Ligand SMILES: C[S@@+](CC[C@H](N)C(=O)[O-])C[C@H]1O[C@@H](n2cnc3c(N)ncnc32)[C@H](O)[C@@H]1O
């Protein structure tokens with residue numbers, strides 16, 4: 001058996017622990033990982049996949065068929081610790097296998113974001129349900145984000161940066177998802193994500209998550225309950241925004257959308273995604289409103305069904321709305 005390298009594992013206690021790992025290679029790019037002669041995971045071409053399987057063995061307690069809407073005190077800090085562990089192992093293993101020093105910063109951020117998001121998903125599926133938008137609905141959002149970037153790039157009237165507004169940062173999942181997706185789709189696009197969060201405890205966690213992805217230059221987290229105030233400060237009054245993601249207090253989606261319209265942010269081509277429009281009855285008035293706008297030819301809008309994040313059996317949906325004309 002060959003020595004694979006040392007895996008750095010951060011503990012709850014003081015200081016990190018170094019675990020010597022050994023690997024039994026079976027062809028190029030595949031190895032079983034052993035710790036003290038026990039197989040603890042595997043290494044494929046996708047190192048992070050192996051690391052997840054290694055680390056998550058201890059996590060498999062939650063059954064995704066239940067446990068939705070349960071909130072535990074300090075779960076966000078426990079999640080942060082988990083993600084830091086996964087990232088530390090990922091970094092240690094990249095170093096152990098001689099990591100690719102040639103990758104540019106943009107690629108490295110995209111890779112780091114994927115590792116962070118996957119670690120969050122694994123934690124929420126395996127240990128504690130939380131309300132990040134999650135992988136499944138995240139994938140549903142990506143084509144709409146791609147469409148938004150194309151429309152921005154081909155709109156001669158739209159100058160300046162591509163602006164994303166993420167309302168309800170929580171631990172930073174959706175902000176990281178959108179920023180890393182943009183970097184992957186359009187590496188040269190000048191863009192910024194303004195992410196608003198009312199709860200300062202969540203902001204501490206979100207900022208650390210974002211730091212791990214090195215996307216700080218592209219994401220500003222603003223502590224506020226007022227999207228209007230955040231935009232006035234970070235985008236400028238009467239400027240345009242390109243992509244809005246509503247995932248905060250359900251009784252504020254409609255009033256916030258109207259505020260964005262009244263303040264001239266919603267120009268032709270702007271897109272809005274509203275999460276939880278099926279699980280939340282409150283959001284029926286939001287959907288009624290965008291459907292009225294569609295009847296008037298001001299927007300197009302469509303509902304796409306998915307499942308509530310980290311569940312197998314609860315239906316949810318996202319409303320995707322595109323402005324066909326300037327609105328104010
Ligand atoms: C469902 S979570 C957001 C999840 C996040 N978008 C993600 O995918 O990871 C909702 C968050 O909205 C925050 N929130 C509630 N009302 C808010 C408001 N008016 N403005 C900003 N954030 C708000 C809550 O504190 C909570 O962190």
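A short reminder: the numbers here are calculations on the coordinates, not readings from a lab. Fair warning: this is a prediction, and the values are worked out from it, not measured in the lab. Cβ: placed from backbone, ideal geometry, glycine included. Neighbour counts: every protein chain shown.
What's the ranking of 275-286, 70-81 by average number of surrounding C-beta atoms within 10 Å, highest first?
My ranking of the peptides, most packed first, is 275-286, 70-81.
Nearest-5 percent of antiparallel DSSP beta bridges in the stretch 134-323?
Around 40 percent of the beta bridges assigned by DSSP in the stretch 134-323 are antiparallel ones.
Where in the stretch 169-193 is the amide nitrogen less than 20 Å from a point lying 7 Å along the Cα-to-Cβ axis of residue 208?
Within reach of a label on residue 208: 169-177.
Please give the FRET efficiency for residue 188 paired with residue 108, using the beta carbon to beta carbon distance and R0 = 22 Å, rounded to the nearest 0.05.
0.85
Compute the distribution of all C-alpha to C-alpha distances in the stretch 161-235, in bins of 5 Å from 0, and list the percent of pairs in each, rounded to whole numbers.
3, 18, 31, 24, 17, 6, 1
What full-extension length gain, to one decimal in nm, is calculated for residue 296 and residue 262 as 0.36 nm per residue of separation minus the Cα-Cα distance?
Here the segment from residue 296 to residue 262 would lengthen by 10.5 nm.
Shape verdict for the stretch 196-328, please, from the Cα gyration tensor: rounded (a/c under 1.5), prolate (a/b greater than b/c) or oblate.
Oblate, since a/c reaches 1.5 and b/c is not below a/b.
With a 10 Å Cβ neighbour count serving as the proxy for reagent exposure, in which order, fewest first, do 242, 295 appear?
295, 242
Got a sec? How would 69, 129 order by Cβ neighbour count within 10 Å, fewest to most?
Starting with the residue having the fewest Cβ neighbours, the order is 69, 129.
Can you sort 116, 83 by how many other beta carbons sit within 10 Å, fewest first? Walk me through the numbers before you get to the answer.
Values: 116 27, 83 24.
By the 10 Å Cβ count, ascending, the order reads 83, 116.
Tell me whether the stretch 84-217 comes out rounded, prolate or oblate; compute the Cα gyration tensor, take square roots of the eigenvalues as a ≥ b ≥ c, and use a/c under 1.5 as the rounded threshold.
Oblate, since a/c reaches 1.5 and b/c is not below a/b.
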